[in-house]
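Below: one structure, written as structure tokens.
The values are calculated or read from the model by the stated rules, or taken from the named source; none is laboratory data. Just so it is clear, the structure is predicted and the values come from calculations on it, not from any experiment. FYI the Cβ positions are ideal-geometry reconstructions off the backbone, even for glycines, and counts take in every protein chain you see. Just the protein is used for accessible areas: all its heavy atoms, side chains included, with ligands, DNA and RNA removed. Shrake-Rupley method; radii C 1.70, N 1.55, O 1.52, S 1.80 Å.
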Amino acid sequence: MSDTITIPEIGTPHPFAIETRGLTKQFDEMLAVDHLDLSVTAGTITGLLGGNGAGKTTTMSMLLGLLEPTDGTITMLGEDMRHHRTRIAGQINFSSPYVDLPQRLTVRQNLVIYGLLYGVEDLKGKIAALADELQMTAMLDRRYGSLSAGQKTRAALAKSLINQPRLLLLDEPTASLDPDTADWVRTLLLQYRDRTGATIFMASHNMVEVERMCDDVVMMKQGRIVARGTPAALIATYGRDNLEEVFLDIARNRSLHD
Amino acid sequence: MTDAANPVPRMLGRLRALMLRHLYLYMASWPRMVEVIYWPIVNMISWGFTSSYLLKKVAHVEFVSSTMVIGTLLMEFFIRMNMTMLVSFIEEIWSRNLGHLFASPIGLREYIGGITIVSIIRVLIAIVPAILLADYLFGYSLFSLGPPLIPIVILLLMAGAWLGMLIVAMMLHYGLAAEWVAWMAGWSFSALFAPYYAVSVLPPVMQWMARALPGSYIFDSVKSILAGEGVQAENLWIAFALNLFYLGLASWILSRSYRSARRRGGLIQMGE
């Protein structure tokens, strides 16, 4: 893989890229996120795991400012999300299967628009470098809607990296990708983190991916954190062979000594 | 570089991004471009031929005929303005792009400012062919209104903008379920604007409603000019004041609706 993007060493004076205190989201009768206290160390890759309805996407949406918490605080990159959303938003980015890019626009046009929205300088050069990095130069002038699932994932990833985010939020980054492309995406994300010191916070159902990529894993269930640690530590704690078995233990309410 | 260090260029960049977003869309879709100029021309032509027929059949009907054609052209500024704002917003729902937009540094005010600018440009592009055709086919020139044409057009665009903001607020709150109401909103107001007739012909309740809207005052002035009785500047000032009031009200409703959408998760999963 080429290494053509020159990304400055950003670094961060804050020990945590994400800090939530008592973060709560209630939809009518349903408590989606329940007093979440979460600290994500800057420069790490942290995985957010949980079954369907565990509160992962709700948490991600609150971190992005797309969903207003019912209660609690969010501090991102050392700044209060409630008062500095615009400033924070310029330094983070995200990719999610729940949102899309305009289908009729070309990949390049989408990147120009989001580059301008995020205030990216030397946008033309940045798009060329990203296209080279993501091996998508040939599809830059194709309509986003005409791309295959794998190509769309690359384009969405390019959008999420257009502003060299200090914090990258990813929801199922390799969903619907073939194993080869998924592996390629993982490698790219690891290289991005190593090169820039950025923090990556990702929700995933792919336990192999989480084991390979994440320094830290947060397991959620019914809106709460029920387990946390490095993949190896969680596997050891639950006495299992891999993270998938740990996940099943937690999802099926098996206790540690079952 | 942070946003705080360079706020104005960053904001202009975001507005440029929104304009490009819609420019690219129209460049990529010729049917959209056709639709832009189609309805103003069709409306103008149908009213133009009706006027021509009346001129041949009824004596002393010149004023009625010119009111029909000029009124139709002016109403297009209002109707197309609010509809274009609706289309600009609904395109983001159709493409599931709202989440990307509102997670970026853009704020609601910038977003509305952006689609307002896009809409004004699109309205002007849409109506110019109809204005030229009205002059060529029927001999009625919008420019016959003279200098007051400028404030009249601005006031109609303002009215279209606040209605567009209210429509966006309604869509944010109710999602695509409110789409059919959104499409007809502008036409519902057109009867109360009284572009072709005097407000006094309306039933009393509708007269009261018409007088609460800027359009009735704007078209009173238009009819006065066409009748050779001058511009009725006081009516344009009343329309301006009403527009300011409704712009303030629409801004307030829109910000509440946006906040409500953020509470309910509407920015991520907007649909029926």
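Listed values, structure above:
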{"read-out": "Residue in region B:191-203 that is more than 28 Å from residue B:141 (Cα to Cα) and either in contact with a strand residue (DSSP E or B) (Cβ under 9 Å, 6 or more places away or on another chain) or open to solvent by 50 Å² or more (accessible area, probe 1.4 Å) (or both) present", "value": "yes"}
{"read-out": "Filtered residue count, region B:132-150, keeping only those that are of a type outside the set (S, T, N, Q) and without any contact (Cβ under 8 Å) to a residue 60 or more places away in the chain", "value": "8"}
{"read-out": "Selection status of residue A:101, at pLDDT 90 or above, open to solvent by less than 10 Å² (accessible area, probe 1.4 Å) and either touching a strand residue (DSSP E or B) at 6+ places or on another chain (Cβ under 9 Å) or more than 14 Å from chain B (Cβ to nearest Cβ) (or both)", "value": "no"}
{"read-out": "One residue from B:51, B:46, B:66, B:29 being away from chain A (no Cβ under 14 Å) and surrounded by fewer than 17 Cβ atoms within 10 Å (Cβ to Cβ)", "value": "B:46"}
{"read-out": "Residue, nearest to residue A:31 (Cα to Cα), within region B:228-272, restricted to residues that are open to solvent by 30 Å² or more (accessible area, probe 1.4 Å), more than 14 Å from chain A (Cβ to nearest Cβ) and of a type in the set (Gly, Ala, Ser)", "value": "B:251"}
{"read-out": "Entirely in region B:144-262, the helices (runs of 4 or more DSSP H) that have 1 or more residues that are more than 30 Å from residue B:91 (Cα to Cα)", "value": "B:149-174, B:204-211, B:214-226"}
{"read-out": "Pair list, Cβ < 7 Å and 6+ apart or interchain, from region A:56-70 residues that are free of Cβ contacts under 8 Å to residues at least 12 places away in the same chain to residues that are part of a loop (DSSP other than H, G, I, E, B)", "value": "A:61/A:67; A:61/B:265; A:61/B:268; A:66/B:267; A:66/B:268"}
{"read-out": "Output for region B:98-113, where each listed residue is surrounded by fewer than 21 Cβ atoms within 10 Å (Cβ to Cβ), touching a residue at least 12 places away in the same chain (Cβ under 8 Å) and facing chain A (nearest Cβ under 10 Å)", "value": "B:110"}
{"read-out": "Hits in region A:86-98 (condition: more than 8 Å from chain B (Cβ to nearest Cβ) and small (Gly, Ala, Ser))", "value": "A:95"}
{"read-out": "Test: residue in region A:104-116 that is more than 9 Å from chain B (Cβ to nearest Cβ), under 21 Å from the mean Cα position of the chain (by Cα) and surrounded by fewer than 16 Cβ atoms within 10 Å (Cβ to Cβ)", "value": "no"}
{"read-out": "Qualifying residues in region A:117-149 (those that are under 20 Å from residue A:182 (Cα atoms) and among the acidic types (Asp, Glu)) - the one nearest to the chain's Cα centre (by Cα)", "value": "A:133"}
{"read-out": "Condition broken by residue B:223, with the remaining ones in (1) among the charged types (D, E, K, R); (2) under 20 Å from residue B:73 (Cβ atoms); (3) within 14 Å of chain A (Cβ to nearest Cβ) satisfied", "value": "(3)"}
{"read-out": "Residue within region A:95-110 that is within 16 Å of residue A:188 (Cα to Cα) and in contact (Cβ under 8 Å) with a residue 12 or more places away in the chain present", "value": "yes"}
{"read-out": "Options B:95, B:88; residue that is among the hydroxyl-bearing types (Ser, Thr, Tyr), within 14 Å of another protein chain (Cβ to nearest Cβ) and crowded, with 22+ Cβ neighbours inside 10 Å", "value": "B:88"}
{"read-out": "Breaking point among (1) in a helix (DSSP H, G or I); (2) more than 9 Å from every other protein chain (Cβ to nearest Cβ); (3) without any contact (Cβ under 8 Å) to a residue 24 or more places away in the chain, for residue A:83", "value": "(1)"}
{"read-out": "Selection within region A:25-72 - within 13 Å of chain B (Cβ to nearest Cβ), touching a helix residue (DSSP H, G or I) at 6+ places or on another chain (Cβ under 9 Å) and open to solvent by 20 Å² or more (accessible area, probe 1.4 Å)", "value": "A:27, A:68, A:69, A:70"}
{"read-out": "Residues satisfying the stated conditions in region A:122-159, i.e. acidic (Asp, Glu), open to solvent by 10 Å² or more (accessible area, probe 1.4 Å) and not in a loop (DSSP other than H, G, I, E, B)", "value": "A:132"}
{"read-out": "Unmet criterion (only one of (1) touching a Leu at 6+ places or on another chain (Cβ under 8 Å); (2) more than 23 Å from residue A:204 (Cβ to Cβ)) for residue A:86", "value": "(1)"}
{"read-out": "Test for residue A:163: is it closer than 30 Å to residue B:28 by Cα, within 12 Å of another protein chain (Cβ to nearest Cβ) and within 17 Å of the chain's Cα centre (by Cα)", "value": "yes"}
{"read-out": "Strands (runs of 3 or more DSSP E) fully within region A:160-258 counting 1 or more residues that are open to solvent by 40 Å² or more (accessible area, probe 1.4 Å)", "value": "A:216-221, A:224-229"}
